[in-house]
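Asker: Here's a structure for you.
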Amino acid sequence: MSADDRIPNIPVHLADLPTVAGLVVPFVGLRHNNGQAALGMTDYRLVTKCLRESLCGVCGQPLRRPMVFLMRPVDLARNCCSEPGMCPPCAAYTQRACPMLNGQMDHYRKAYPQFAKRECDDPACSCWAWFSLPSPSRYGAPAEDWHALWTGGYRLITTETGDLAAGFEGIRVLKRRKVQRL
C-alpha cells in the first residue's frame, strides 16, 4: 500500500477546511501567524472553546447527540478526556486519518518542541504560548491503544492539574470500542 492509498477521502462537510498533505486540519489545530498549520499540535485556546461550548474538535460545529470521544486507557481510567468530543462523521474520519490512531505511527514523537520550532521561525508568532504538548513521559514512547467512547453528553470538569476536561461521571455511555489500526 502506498502512502497515497492511506490518505482517506475528506467528508463533504469538511471540504472547506484547510488541508496539509491531503489531511484536514482540525478546528483545534495549531496555526502559525503565517496561517500554516502544525498537524499533530493543538491550540489550547480552541480546545478550551470546544469543551466550554460543546463544539466538535474537528469541524468546529455544535455537538449533538451522540458525540464521540477518542480516549487512551489512562483517560478511560480517569473517566474524563482533555480533548473535545467529535460528531460521528468527524470521529470516523479522524480514526482513518490520524497516524497515531490508524497505526501509521507506532511511537510518539521524540521531541515536540524541536518539531514546532522547525515549522515556525517567526519570533512574533504566538504559537509557543498556545500549543499543548503531551506529557514528557510520552516522548518516544510506544503508541497506546485508543478507544472511541460514544456518549450523549459530558460534564465540564477541572482535572487535578487544573486543565479543563470532559467528565463522564454519571453520564450514560452508549458504546465503547477499541479503535482499529490499519
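Coordinate-derived values only; no laboratory data. Keep in mind it's a predicted model, so treat the numbers as computed, not measured. Please note: Cβ atoms are built from the backbone with ideal geometry, for glycine as well, and neighbour counts cover all protein chains shown.
Asker: Using the per-residue mean of other Cβ atoms lying within 10 Å as a proxy for protection, in what order, highest first, do the peptides 170-179, 73-82 fall?
Answerer: Working: 170-179: 11.7, 73-82: 16.4.
In decreasing order of mean packing, 170-179, 73-82 become 73-82, 170-179.
Asker: For the range 26-70, what are the per-bin percents of Cα-Cα distances with bins 10 Å wide, up to the bin holding the maximum?
Answerer: P(r) for the range 26-70, in whole percents per bin: 28, 52, 18, 2.
Asker: So if each residue of separation counts as 0.36 nm, and I subtract the Cα-Cα distance between residue 34 and residue 21, what length gain in nm does that give?
Answerer: On the way: separation 13, 0.36 × 13 = 4.68 nm, distance 1.72 nm.
Gain on extension, residue 34 to residue 21, equals 3.0 nm.
Asker: Once the convex hull of the C-alpha atoms of the range 46-95 is built, how many Å³ does it hold per residue, rounded to a whole number? Kindly include the intermediate steps, with their values, before the conclusion.
Answerer: Details: hull volume 3.8 nm³, N = 50.
So the per-residue Cα hull volume is 75 Å³.
Asker: How much net charge surrounds residue 18 when only the other residues with a Cβ under 14 Å from the Cβ of residue 18 are counted, with Lys and Arg +1 and Asp and Glu -1?
Answerer: Once positives and negatives cancel, what remains is -1.
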